[in-house]
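*Asks:* Just passing along the structure, written as structure tokens.
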Amino acid sequence: MAPKSGYILAHDIGTGGDKAIISDLNGHVLFSEYQAYSISYPSPEWVEQDPDELWRAIAETSQKVIIKSGIDPKEIIGVGISAQMWNTLPVDDKGKPLMPMMSWLDLRSVKQAEVAVAGDNARFIYDHTGNIPTAKDSIPKILWLKEERPDIWKNTACLMDCKEYILFKLTGRMVTDYVGASVYFLFDPIRKRWSSEVCNRLGIPIEKLPEALPCTDIIGSITEEAARLTGLRAGTPVVNCAGDVAVAQSGAGANQENRVHLCIGTATWIGISTSTFKNIPDKPLWGLCHINPEKYIIAGEMETGGGALMWFRDVLCKEEKQHSTHIGRSTYDMINSMAESVPAGSDKLIFLPWLSGERAPVLDHYARGAYIGMAMSHTKNHMARAVMEGVAYHLRWICETIEGLGYNINAFNAVGGGCNSRVWVQIISDVTGKPMHVVKNHLEAGASGAALAVAVGLGVHKSMDDVDQLVEIDHVVNPSNPDDRRRYNDLYHVYRDLYTALIPTHRQLVEIP
């Protein structure tokens, strides 16, 4: 019998920190706690995190949110974990990490990525998994590990992602979910099994991959040791859940057929729920499994959406950062005011947001950012707005690519930190021509999406489609001034032309020692 009362504890484990929430059975966040952790850059292009530092943050935020709530741990009837994806962590047969976790931001495996897709490999991988790997994905990182760290490879019992390691610490099981498996690009999303064909072609033993199970399966319960560290009750059920893209789809209320979500986070993406798997063989989007095993998520991600504005803040707004700290105001609030003072189109200043290469709708490790068209008349305010517009141009490019597959995008259910910016949300609506349905409590969409998956797993709700109605829209932003939209349309085409024109320049820069 499905429970009729109680609470759910869920985590959204991001790149820079963990958010723990306690929700009701409808995914409404009642209490939350956040704790940051470090990111390490040991060598150029290397990005790592300490998995045990992440685990300590999860344990501590669990304790703190339970204490804050005053809820008896016995009333917490289920636990779910969502996390950043496309990380690689080798562990031994006892689940002990053999090295730091290679982050999704890590680019050490460019050479392995090029080899992995050489010849007919790219089409072969696509034909069996619906995807093609880049240097930031799991396949090249696994091949790097095999080639460059043979001692670690020899002792590797399981190749985990971030969420999978935390699930192991909570339950003692080495498992993943269908969404998590599909992001390895070694998984057949149609048959829901690891692709022996691709694994054999690349020399990756299937036995080193975690068991893949449905997202809403109860995979185990909180162990005595995990209970001691987290404050949860030993024996509390743990639902498999899913990674950040899938739970954002759920937390945005976009599980039903053809519903679309836009997440404006450090990385920024558009995803559509569909029962039909379609992708592009030469320059694919993400073709991922969905929390609902009968659906898929077709998504396009840009590597630095919110990350581009973060770069602008940290590199070019140091004075504003100091002033905002002094007056107790967010630096982003000041940047928003700067952008609002400039007309649409930033007086023809265009920002290219490819600060960390690009993934969709082009697979390009070498693309880099730039300001184009800068004149003496341009100010820092122009530069602020141009960053927002550059991200919006790229989102339009992704949107048109998804629509080119035959999907219909009528509007975005929007979540993520970028939704705090009124001017940025309006710019994206104007550039794409799509209404933006900003979700209530959009900053907690990942954690609440995880909680909703737990609720379905516990039988509280029948399916993920049913929980869409539980997600509230705070407000709607529609495309506005027709003159602004025409100006954006002209600049968008220049933006697209700039990518093509700069391809040889980006390659040439890489070759300079």
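The values are calculated or read from the model by the stated rules, or taken from the named source; none is laboratory data. Source: prediction; values computed, not measured. For neighbour counting, all protein chains shown are included, and Cβ atoms are generated from backbone atoms with ideal geometry for every residue, glycine included. Heavy atoms of the whole protein, side chains included, go into the accessibility calculation; ligands, DNA and RNA do not. Shrake-Rupley method; radii C 1.70, N 1.55, O 1.52, S 1.80 Å.
*Asks:* Within segment 472-490, restricting attention to residues that are of a type outside the set (Phe, Trp, Tyr), touching a helix residue (DSSP H, G or I) at 6+ places or on another chain (Cβ under 7 Å) and not in a strand (DSSP E or B), which residue is nearest to Asn292 (Cα to Cα)?
*Replies:* It comes out as Asn478.
*Asks:* Could you count how many residues in segment 172-214 are surrounded by fewer than 15 Cβ atoms within 10 Å (Cβ to Cβ) and charged (D, E, K, R)?
*Replies:* Qualifying residue count for the region: 4.
*Asks:* Being at pLDDT below 95, among the aliphatic types (A, V, I, L, M) and more than 17 Å from Glu45 (Cβ to Cβ): is that true of Ile132 here?
*Replies:* yes
*Asks:* So which helices (runs of 4 or more DSSP H) stay within segment 139-208 end to end and still have 1 or more residues that are within 19 Å of Ser103 (Cα to Cα) and in contact (Cβ under 8 Å) with a residue 12 or more places away in the chain? Give the derivation first.
*Replies:* Working: elements: 150-155, 162-171, 178-182, 196-202.
Because the criterion is at least 1 residues that are within 19 Å of Ser103 (Cα to Cα) and in contact (Cβ under 8 Å) with a residue 12 or more places away in the chain, the helices (runs of 4 or more DSSP H) in segment 139-208 that meet it are 150-155, 162-171, 178-182.
*Asks:* Right, here's the next one. What do you reckon, is Ser5 open to solvent by 10 Å² or more (accessible area, probe 1.4 Å), farther than 18 Å from Val456 by Cβ and either of a type outside the set (Val, Ile, Thr) or at pLDDT below 95 (or both)? Working first, answer last.
*Replies:* Details: open to solvent by 10 Å² or more (accessible area, probe 1.4 Å): yes; farther than 18 Å from Val456 by Cβ: no; either of a type outside the set (Val, Ile, Thr) or at pLDDT below 95 (or both): yes.
For Ser5, the condition - open to solvent by 10 Å² or more (accessible area, probe 1.4 Å), farther than 18 Å from Val456 by Cβ and either of a type outside the set (Val, Ile, Thr) or at pLDDT below 95 (or both) - is not met.
*Asks:* Quickly run through segment 75-131 and pick out the residues that are within 14 Å of Cys162 (Cα to Cα) and free of Cβ contacts under 8 Å to residues at least 40 places away in the same chain.
*Replies:* Lys96
*Asks:* Tell me which of these Asn481 doesn't satisfy, since it passes every other one: (1) of a type in the set (S, T, N, Q); (2) under 18 Å from Val260 (Cα atoms); (3) open to solvent by 20 Å² or more (accessible area, probe 1.4 Å).
*Replies:* (2)
*Asks:* Just to check your reading of the model, which residue among Glu320, Glu303, Glu294, Glu340 is charged (D, E, K, R) and buried (at least 24 other Cβ atoms within 10 Å of the Cβ)?
*Replies:* Glu303
*Asks:* Can you find even one residue in segment 421-443 that is small (Gly, Ala, Ser), under 16 Å from Ala248 (Cβ atoms) and either open to solvent by less than 10 Å² (accessible area, probe 1.4 Å) or without any contact (Cβ under 8 Å) to a residue 24 or more places away in the chain (or both)? So that I can check it myself, show each step before the final result.
*Replies:* Within segment 421-443, the first condition is being small (Gly, Ala, Ser), and the residues that meet it are 421, 429, 433.
Filter once more, keeping what is under 16 Å from Ala248 (Cβ atoms): none.
No - not one qualifying residue is present in segment 421-443.
Every residue, every condition in (1) hydrophobic (A, V, I, L, M, F, W, C); (2) closer than 21 Å to Thr176 by Cα; (3) open to solvent by 70 Å² or more (accessible area, probe 1.4 Å), yes or no:
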residue	(1), (2), (3)
Arg56	no, yes, yes
Glu75	no, no, yes
Gln84	no, yes, no
Asn87	no, yes, no
